[in-house]
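Structure record follows, encoded as structure tokens.
A short reminder: the numbers here are calculations on the coordinates, not readings from a lab. All figures in this text were calculated on a predicted structure; none of them were measured in a lab. Every residue, glycine among them, receives a Cβ derived from its backbone with ideal geometry; neighbour counts consider all protein chains shown.
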Amino acid sequence: MTKDLTDYIRTIPDFPHEGIMFRDVTTLFNDPEGLRECVDQMAVAVADYQFDQVAGLEARGFMLGAALAYKLGLGFTMIRKAGKLPGKTISQDYELEYGQATVEIHEDAIQAGQKVLLFDDLIATGGTAEAGIKLIERLGAEVMLAAFIIDLPALGGREKIEKLGVKTHVLCEFDGL
């Protein structure tokens, strides 16, 4: 019997701050069946779209985003924290649920007119995903879908992304923070 994806995801209370229930996907990545099931489920969920590229948000979005790009026969673009990419970049500031940060993308990573799948492990407040969308759009490309393993509906991130006109897909949800 196949386990539900939530069965592979560990919850760590009070990390990184008191009151936060951190949904840890490292246990999902560590399990061969869980990892395979997650990539396969996401590939099936996005199969009706025609993408040119997958873009993953640092850092956990890189792991499954790259595996998903491989499975879909597409290239993979990294959206990284500021100062981590060696080439010429553009940057975008954003608010996190517990701070502020900046992400960057190589200015030649995605071409104008391309259709992009934005991927990350989790959507909480939607700040990181919104910043990724803005970067991709500034390059003249279109985010056709933002996909996540986990949604935390109480934090409203999915609604925020959908209000930007970007469809979203999640594989599982967790209640609370």
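Computed values, structure above
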| item | result |
| --- | --- |
| Considering residues of the range 25-43 that are within 12 Å of CYS172 (Cβ to Cβ) and among the hydrophobic types (A, V, I, L, M, F, W, C) only, the residue surrounded by the fewest Cβ atoms within 10 Å (Cβ to Cβ) | VAL25 |
| ALA55 vs. criteria within 19 Å of GLU142 (Cα to Cα) and either surrounded by 15 or more Cβ atoms within 10 Å (Cβ to Cβ) or in contact with an Asp or Glu (Cβ under 6 Å, 6 or more places away or on another chain) (or both) | yes |
| Selection status of ALA112, loosely packed, with under 15 Cβ neighbours inside 10 Å, free of Cβ contacts under 8 Å to residues at least 24 places away in the same chain and among the aliphatic types (A, V, I, L, M) | no |
| Enumeration of residues in the range 136-151 that are buried (at least 23 other Cβ atoms within 10 Å of the Cβ) and either of a type in the set (A, V, I, L, M) or touching a Cys at 6+ places or on another chain (Cβ under 6 Å) (or both) | ILE136, VAL143, ALA146, ALA147, ILE149 |
| Residues (touching a residue at least 60 places away in the same chain (Cβ under 8 Å), small (Gly, Ala, Ser) and within 12 Å of THR168 (Cβ to Cβ)) located in the range 115-149 | ALA129, ALA147 |
